[in-house]
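Below is one structure, written out as structure tokens; the observations come after it.
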Amino acid sequence: MSRALRQMSLTRRQILTAALATPLVIRSAGAARAATTLKMSHQFPGGTAEQGDFRDRLCRIFATEVEKRTSGALKFDVYANASLMKTNAQFSAMRRGALDMSLFPVAYAGGELHATNLGLMPCLVTSYEQGAAWKNAEIGKALSGILEAKGIKIIAWVWQGGGVASRGKPVLTPDSSKGLKIRGGSREMDLMFTAAGAQVSTMPSNEIYIGMQTSALDAAVTSSTSLISFRLEELAKSLTSARKGSFWFMLEPLLMSKTIFDALPADQQKVLLDVGAEMEGWATKQAQHDDEEVAKVYAAKGVEVADFSAADLAEWRKIAEASSWKDYAARSSEAAELLKLAQKVA
């Protein structure tokens, strides 16, 4: 029997099962290997591979390189600025196989999967080198295993440093945050700010502008790139940058639905992982560039720019350990072990 006839002999049940397993995979009829188009979503402003928010650029460069190396067998549609679905819906959509890929701040999934709160634990990761070391350390393997068990595959590990945009004076020490309505970016950041005497507000970074514009927020902590991309310099009177260190380093990886990943041929899986790994160094350089660039952007608008000192960060760490770290570890033995593994990476 010919290959074509064997394919035609698939039962209706097999066809429906395959379709449900990969709802966003589009195959071209008659190809020697069916072309597959993957949908990639993120919350950040769109641009091109050459210009714009580096996280959007990462997605576009990744897509182009994977398509090239697979000779067009894998293609991508990139949806920027949460245009395909709302930011917080992306994680669960990938778990179900209803979204193929996303460049996603993992701590946003903390309410669904507590382990991911470790991806924005204040004062835990204090440099890009330390963050990058997670991937091949015990903590990286443990976190990857937990995510994969929940239907998520890490394709590229991306870390970002962040600072504070404030409508008033710079937020440098715990005392300077007292009474402020502030956005921390994760449950664990919020616990630290609450312990410092601030009032916290929860929202994704693409909603910070309206929050500050309407006075719902006095200050917001987010990545240097988001501080630029979301034009918060238009509203801020001060900026605390991450260029000399920060309490805020976020794991913001390129993720993929494991259901979709597992359905691909082994050679295509390898290309995805190879290109993802190659993008990691590029992403770090872009993030470090934005740590410097954000200070220039804000200063050009007349915004006061300040930097954390080692003493400032030591004060924050003391509060973080007593609040965020303690609460995280108390949730489960798994969480306690993850925190211990993370602390082993210096």
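The values are calculated or read from the model by the stated rules, or taken from the named source; none is laboratory data. It should be emphasised that the depicted structure is a prediction, and the values quoted were computed from it without experimental measurement. Methodologically, a virtual Cβ is constructed for each residue, glycine included, from the backbone with ideal geometry; neighbour enumeration extends over all protein chains shown. Side chains included, ligands, DNA and RNA excluded: accessible areas come from the protein's heavy atoms. Shrake-Rupley method; radii C 1.70, N 1.55, O 1.52, S 1.80 Å.
Normalised size of the stretch 57-152, defined as Cα radius of gyration per 2.2 N^0.38 Å with N residues, equals 1.21.
Rounded to whole numbers, the Karplus 3J(HN,Hα) couplings from phi for the stretch 201-208 are 9, 9, 6, x, 5, 6, 10, 5 Hz, using 6.51 cos²θ - 1.76 cosθ + 1.60 with θ = phi - 60°, and x at Gly and Pro.
Lysine pairs in the stretch 127-182 with Cα distance under 23 Å, only those 8 or more apart or on different chains: how many are there? Lysine pair count for the stretch 127-182: 6.
When you restrict to C-alpha pairs under 8 Å that are six or more residues apart and normalise by the size of the stretch 156-233, the relative contact order lands at 40 percent.
Counting protein heavy atoms only, the stretch 65-104 has 44 percent of its accessible area on carbon and sulfur, 1.4 angstrom probe. In this simple spin-label model, placing a label point 7 Å from the Cα along the Cα-to-Cβ direction at both ALA89 and LYS244 gives a separation of 4.4 nm. Assuming charge only on the beta carbon of Lys and Arg (+1) and of Asp and Glu (-1), the dipole of the stretch 73-223 about its Cα centre is about 180 debye to the nearest 20. Comparing GLU50, GLU252, GLU280 in a Gaussian network model of the chain, where Cα atoms under 10 Å apart are tied by springs, the biggest mean-square fluctuation is seen for GLU50. Between SER205, LEU38, VAL158, the Cα set farthest toward the positive side of the dipole of the chain (charges on each charged residue's Cβ, about the Cα centre) is that of LEU38.
Close amide H contacts of ALA156 (hydrogens built in the peptide plane, cut-off under 5 Å, sequence separation of 5 or more or a different chain): LEU254. Full extension of the chain segment joining ALA336 with LYS68 gains 92.2 nm, where the gain is 0.36 nm per residue of separation less the Cα-Cα distance.
For the stretch 156-284, the extents of the C-alpha atoms along the principal axes are 54, 27, 25 Å, listed from largest to smallest. When restricted to Cα atoms, the stretch 96-234 yields an Rg and a Dmax of 15.8, 45 Å, respectively. Within the P(r) computed for the stretch 175-234, what percentage of the Cα pairs occupies the region above 17 Å? Tail fraction, whole percent: 33.
Computed on protein heavy atoms with a 1.4 Å probe, the accessible areas place GLU233, GLU334, GLU188 in the order GLU334, GLU233, GLU188, largest first. Taking a straight Cα-Cα cut-off under 17 Å and skipping sequence neighbours fewer than 8 places away in the same chain, the aspartates and glutamates within cross-link reach of LYS296 are ASP53, GLU233, GLU234, GLU304, ASP307.
Each peptide in 135-141, 152-158 receives the mean, over its residues, of other Cβ atoms within 10 Å, and ordering these scores from highest gives 152-158, 135-141. D for the stretch 281-346, whole µm²/s, Stokes-Einstein with Kirkwood Rh over alpha-carbon pairs at 37 °C and 0.692 mPa s: what number? In µm²/s, the coefficient is 219. Taking every protein chain into account, the accessible area of the chain amounts to 43 square angstrom per residue (probe 1.4 Å).
When you restrict to C-alpha pairs under 8 Å that are six or more residues apart and normalise by the size of the chain, the relative contact order lands at 22 percent.
Computed per residue of the chain from DSSP H runs no shorter than four, each worth -39500 (n - 2.57), the mean residue ellipticity at 222 nm is -12500 deg cm²/dmol. Computed from backbone phi, the HN-Hα couplings of the stretch 223-233 come to 5, 4, 5, 5, 4, 7, 4, 8, 6, 5, 4 Hz, rounded to whole numbers (Karplus: 6.51 cos²θ - 1.76 cosθ + 1.60, θ = phi - 60°; Gly and Pro given as x). The charge dipole of the chain, taken about its Cα centre with unit charges on the Cβ of Lys, Arg, Asp and Glu (plus for the first two, minus for the last two), comes to roughly 1200 debye. A probe of 1.4 angstrom, applied to the heavy atoms of all protein chains, finds MET85 with accessible area near 40 square angstrom. Calculated over the chain, the projected area of the Cα convex hull averaged across directions stands at 17.9 nm².
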